[in-house]
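For reference, the structure is listed below as structure tokens.
Where a number appears in this text, it was derived from the coordinates with a stated rule and is not lab data. Bear in mind that the values here come from a model prediction, so they are computed numbers and not experimental data. In this analysis, Cβ positions are derived from the backbone assuming ideal geometry, glycine residues included, and neighbour counts consider all displayed protein chains.
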Amino acid sequence: MRLGLRLGWAAWIALAVPAVAPAQGIGPGDGSAPESAAAPQRTRGGTYIHDLVGPGALVGVGLGAGYAQWRTDPPEWGTGAGGYGKRAASTAGALFAQETVRHGLAAVLGRSTEYERCACRDFGGRVGQAIAETFTDRDRREMRHFSVPRVAGALAGGFAPMIWTPHMTTRRSLGTAAGGLALTVGGNLLSEFLHWPN
């Protein structure tokens, strides 16, 4: 198992680092939201790395592994530090699959991956923005589209653990994908109201 974890981390680094070099962002001057409403702009590769190892990603992996540890899920992985490590590696692997598919498709389709905060100040508008940013994205002309990259990424993150998790079913994978989208809404609400994580 330790060799598998090392290979997983090596693959993560090998795939993530080159993504920064040819990065091409969507930012001011190229069809994105006004700077006052948008988060600080990053390159595409920078956003990808942030979504893999940024504060929100690390907290999400830790909490996801903690929840699975509390439920002793799957029981074959045991308890204690060893069990938690396997669950953290599994959660990180699912995140890697999710974000790689999402960012890859977004690049191919010319879609944004940065969260765009609402320029509005009312509560309902900001909640609506958090939901809209989960299920839609913007092209280079600022036209909103159903977010195929986000949904495909959520499905990839839900189904990838079938490779390494004992007793993982299709139904459970679909539930994990749906739960991931719901958690994205929650993360967007944090970004909208607390400007966290950046």
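How about segment 49-147: which GluC sites (Glu not before Pro) there are in a DSSP loop, with at most 15 other Cβ atoms within 10 Å of their Cβ?
On the way: sites: 76, 99, 114, 116, 133, 142; in loops: 114, 142.
Sparse-neighbourhood loop GluC sites (Glu not before Pro): 142.
Could you give the Stokes-Einstein D for segment 51-101 in µm² per second, using the C-alpha Kirkwood radius, 10 °C, 1.306 mPa s?
On the way: Rh = 10.9 Å.
Result for D is 146 µm²/s.
What are the ³J(HN,Hα) values, in whole Hz, obtained from phi via the Karplus relation 6.51 cos²θ - 1.76 cosθ + 1.60 with θ = phi - 60°, for each residue of segment 69-80 in sequence order, with x given for Gly and Pro?
For segment 69-80, the Karplus curve yields 5, 4, 7, 6, 10, x, x, 4, 7, x, 10, x Hz.
Defining a contact as two alpha carbons under 8 Å apart and six or more residues distant in sequence, what relative contact order in percent does segment 41-194 show? Show your work: numbers first, answer last.
On the way: 177 pairs, mean separation 36.9, N = 154.
Reported as a whole number, the value is 24 percent.
Once the Cβ-Cβ distance between residue 142 and residue 189 is put in as r, and R0 is 30 Å, what FRET efficiency do you end up with, to the nearest 0.05?
Once the sixth-power term is evaluated, E becomes 0.85.
Give me the distance in nm between label points sitting 7 Å out from Cα along the Cα-to-Cβ direction at residue 131 and residue 71, one decimal.
Distance between label points: 2.5 nm.
Can you compute 3J(HN,Hα) from phi for each residue in segment 103-116, using the Karplus curve 6.51 cos²θ - 1.76 cosθ + 1.60 with θ = phi - 60°, rounded to whole Hz and x for Gly and Pro?
5, x, 5, 4, 5, 5, 8, x, 9, 6, 10, 7, 6, 10
Based only on Cα atoms, what mean projected area does the convex hull of segment 41-194 have, in nm²?
On the way: hull surface 38.3 nm².
About 9.6 nm², averaged over all directions.
Trypsin sites (Lys or Arg not before Pro), restricted to segment 77-141: which are DSSP loop and have at most 16 other Cβ atoms within 10 Å? Walk me through the numbers before you get to the answer.
On the way: sites: 86, 87, 102, 111, 117, 121, 126, 138, 140, 141; in loops: 111, 117, 121, 140, 141.
Passing sites in segment 77-141 are 121, 140, 141.
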